[in-house]
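Chemist: Below: one structure in structure tokens.
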Amino acid sequence: MSVRCAHQDGLKDLFEDEVAQRAFSLLERYADSGIIPKEELDEELVLFFDSEKLAFPVSSSRDSLSWGTRLIGVQDLEIPYIIRVLFKSGCDWQVAVREYFTAIGEERVEDFVEIAREIVKRRHKFLISGDEIVEICERYGRDGGVVIAELKGAGIISPYAGCGRAASKLEKIYGSPLYEVNRFFARLVEAT
């Protein structure tokens, strides 16, 4: 297997799985196009991609961008931008963050490396509130609303689409609105 991030500490168990190895091979192959064709997929791969937040069905309910509203099934999968850049850069998350934010025209991209690190550190399981993200961004002199939009565009976070009471309870505990942190990205950050 040619995936260079397979030797990252904390990820070894993930990379030893046969389904994961097939998934990573597909991510490498389709990182440039950003779409994994359904002909390459089976149910196990789709579930793995979803569970690690590596690729999502193109279709969603109510045209929502939230990962939680994507219609799971064997169909073309979209690879989030940060995952595309990760698999082109040998899974160095810091390089990927710098490249992504440089590509969208941001200056002082090192700020975004630290913002991403703090989001992963401060998350609760894989959730973080918008208020926490805004607070982190303010320490770097960044507009939290703009950064949240850029993080969503990158695929580092997604609006959390939970179920009724459960989502309300989580928002009371952690704050509102809630965002889900990309699991694979978080694992890479924690492994360094």
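The values are calculated or read from the model by the stated rules, or taken from the named source; none is laboratory data. These figures come from a predicted structure and were not determined experimentally. All Cβ positions, even for glycine, are placed from backbone atoms using ideal geometry, and neighbour counts span all protein chains on display. Remember, those area values only see protein heavy atoms, side chains included, never the ligands or the DNA or RNA. Shrake-Rupley method; radii C 1.70, N 1.55, O 1.52, S 1.80 Å.
Chemist: Loop only by DSSP, 15 or fewer other Cβ within 10 Å of the Cβ. Give me the GluC sites (Glu not before Pro) in region 70-149 that pass, ordered by residue number.
Modeler: Of the GluC sites (Glu not before Pro), the ones in loops of region 70-149 whose Cβ has at most 15 other Cβ atoms within 10 Å are 107.
Chemist: Something else: Using the basic label-point model (7 angstrom from Cα toward the beta carbon), what is the residue 106 to residue 126 distance in nanometres?
Modeler: Going from the residue 106 label point to the residue 126 one covers 2.1 nm.
Chemist: Sticking with this structure for a sec: Could I have the simple spin-label model distance between residue 42 and residue 58, label points 7 Å from Cα toward Cβ, reported in nm to one decimal?
Modeler: 2.4
Chemist: Around residue 77, which amide H atoms from residues at least 5 apart in sequence, or from another chain, sit under 5 Å from its own amide H, with H modelled in the peptide plane?
Modeler: 36, 38
Chemist: I want the local charge near residue 145. Using Cβ-Cβ distances under 13 Å, sum +1 for each Lys or Arg and -1 for each Asp or Glu among the other residues.
Modeler: -3
Chemist: Rounded to the nearest 10 Å², what accessible area does residue 88 have for a 1.4 Å probe in the complete protein model?
Modeler: 110
Chemist: When the label point is put 7 Å from the Cα of residue 76 along its Cα-to-beta-carbon vector, which residues of region 34-53 have a backbone N closer than 12 Å?
Modeler: Counting only backbone N, you get 34-39.
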